[in-house]
1. Tell me whether segment 250-264 contains one or more residues that are under 27 Å from the mean Cα position of the chain (by Cα), buried (at least 17 other Cβ atoms within 10 Å of the Cβ), among the aliphatic types (A, V, I, L, M) and in a strand (DSSP E or B).
2. Please find, within segment 204-226, the residue that is nearest to LYS160 (Cα to Cα) out of those that are assigned to a loop (DSSP other than H, G, I, E, B) and of a type outside the set (A, V, I, L, M).
3. Quick one: how many residues across segment 161-183 are over 15 Å from the mean Cα position of the chain (by Cα) and not in a loop (DSSP other than H, G, I, E, B)?
4. Determine the pairs where a residue that is not assigned by TED's automatic domain parsing to the domain that holds ILE127, located within segment 98-114, has a partner that is outside any strand (DSSP E or B) and among the hydroxyl-bearing types (Ser, Thr, Tyr) with Cβ atoms under 8 Å apart, the partner being 6 or more residues away or on another chain.
5. Scanning segment 285-295 for residues that are more than 41 Å from the chain's Cα centre (by Cα) and assigned to a strand (DSSP E or B), which turns out farthest from ASP259 (Cα to Cα)?
6. Taking only pairs six or more apart or across chains, which ones have beta-carbon atoms under 7 Å, a first residue in segment 67-79 that is loosely packed, with under 13 Cβ neighbours inside 10 Å, and a second residue that is modelled with pLDDT of 95 or more and not in a loop (DSSP other than H, G, I, E, B)?
7. Among the candidates ASP148, ASP132, which residue alone is part of a loop (DSSP other than H, G, I, E, B) and surrounded by fewer than 20 Cβ atoms within 10 Å (Cβ to Cβ)?
8. Do we find that ILE127 is surrounded by 13 or more Cβ atoms within 10 Å (Cβ to Cβ), outside the structural domain of GLN299 (by TED's automatic domain parsing) and within 25 Å of the chain's Cα centre (by Cα) in this structure?
Amino acid sequence: MFEGTLRLFLIWVCTLLLMAPVSFAVAQNVDGVSDLKLPGISSYATPKGETSLALGGGGAITLSAQLTDKGGDITRGIVWRVFKPEAVNGKLPMVASAHGGTAVFQLEPGSYLVHASYGRAGATKRITVGKDAKRESLVLDAGGLKLDAVLSGGARIPPKKLRFSIYEGNAEPNGDRALIIPDVEPNSVVRLNAGVYHVVSTYGAVNAVIRSDIRVEAGKLTEATVEHHAAEITLKLVREAGGEAIADTSWSLLNESGDPIKETVGAFASMVLAEGDYTIIAKNRDRIYQKDFTVVAGQNQEIEVLATEAAAMDPEEGAD
């Protein structure tokens, strides 16, 4: 009977813990935090060993975060980190951490730096802990950014061939921008602090690139769709029109200015290109063939290069 009652009690306690919206934290280590850049905190040291700097002798401090100053509390997705403000060996010691929404910490009385991260958004605040329980809130001033791209005319782009990179809005004196997050998949939501960001959309892996500046507003989801003027092109070397592609062909693609932008080897050369004029040079068994072609936005093409004597180039042509 006692064993059955104990089992029911444990199930009841576990159920309450799973339902609780508030997380309690005492010196929890967070995996993978050493590379994270925290606003207002240049460097910090993760807890080491079994000694805890977060003790139960002080008052409870309840921490909550909001997207805007009038917004509701964020209920999940927050990573909390609490630091001692005095650096040790040039780094701030992290004394406690927690995941989730609102969190409760038991800390020794004193001054601390609290950082809340929500995706790529974050905020830092100095707090003072006494013997009495208190509550502190952090306004992240953050929103979400959802990116997508289409072709001219609104045609969809295969998601696997589309990626985004998000940079700081302000460029350095040399023109470079700080990369915030690379390789963002289309239609995924990225949490960012409010502000202007420089977004680079890449379709394929050659030169179909669109750049734009996008503003993220606090408390809102910004959805932005850019338009690519490009098409998918497949090149093949054939002995006659409509013939089979010749294997072991080396390809060199030149842009309108004559600069090489892509090289590959194979019977077929498939790629995404921005609209414009190009020259393709195909080499097979010491024979070189050339063809000019034009890419029209949204019009995928298969382009044949004829391996005939008339189309062959003199290998010495253009040599000094």
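The values are calculated or read from the model by the stated rules, or taken from the named source; none is laboratory data. Predicted model, so just to flag it, every value in this text is computed and none were measured. Virtual Cβ from ideal backbone geometry, glycine too; neighbours counted across all protein chains shown.
1. Narrowing segment 250-264 to residues under 27 Å from the mean Cα position of the chain (by Cα): 261-262.
Still in the running and buried (at least 17 other Cβ atoms within 10 Å of the Cβ): 262.
Okay, now just the ones that are also among the aliphatic types (A, V, I, L, M), so none.
No, because not a single residue in segment 250-264 is under 27 Å from the mean Cα position of the chain (by Cα), buried (at least 17 other Cβ atoms within 10 Å of the Cβ), among the aliphatic types (A, V, I, L, M) and in a strand (DSSP E or B).
2. Pass one, segment 204-226, residues assigned to a loop (DSSP other than H, G, I, E, B): 204-207, 217-220.
Retained after the next criterion (residues that are of a type outside the set (A, V, I, L, M)): 204, 207, 217, 219-220.
Working: GLY204: 9, ASN207: 16, GLU217: 28, GLY219: 30, LYS220: 27 Å.
The extreme case among them is GLY204.
3. 1
4. Qualifying pairs under 8 Å: none.
5. In the first step, residues of segment 285-295 are kept if they are more than 41 Å from the chain's Cα centre (by Cα); the result is 285-289.
This time we only want the ones that are assigned to a strand (DSSP E or B), so: 287-289.
Values: ARG287: 21, ILE288: 18, TYR289: 17 Å.
This residue is ARG287.
6. Partner pairs satisfying both residue conditions: ASP69/VAL139; GLY72/GLN66; ARG76/GLY100.
7. Values: ASP148 fails: part of a loop (DSSP other than H, G, I, E, B).
Exactly one of ASP148, ASP132 is part of a loop (DSSP other than H, G, I, E, B) and surrounded by fewer than 20 Cβ atoms within 10 Å (Cβ to Cβ), namely ASP132.
8. Working: surrounded by 13 or more Cβ atoms within 10 Å (Cβ to Cβ): yes; outside the structural domain of GLN299 (by TED's automatic domain parsing): yes; within 25 Å of the chain's Cα centre (by Cα): no.
In short, no.
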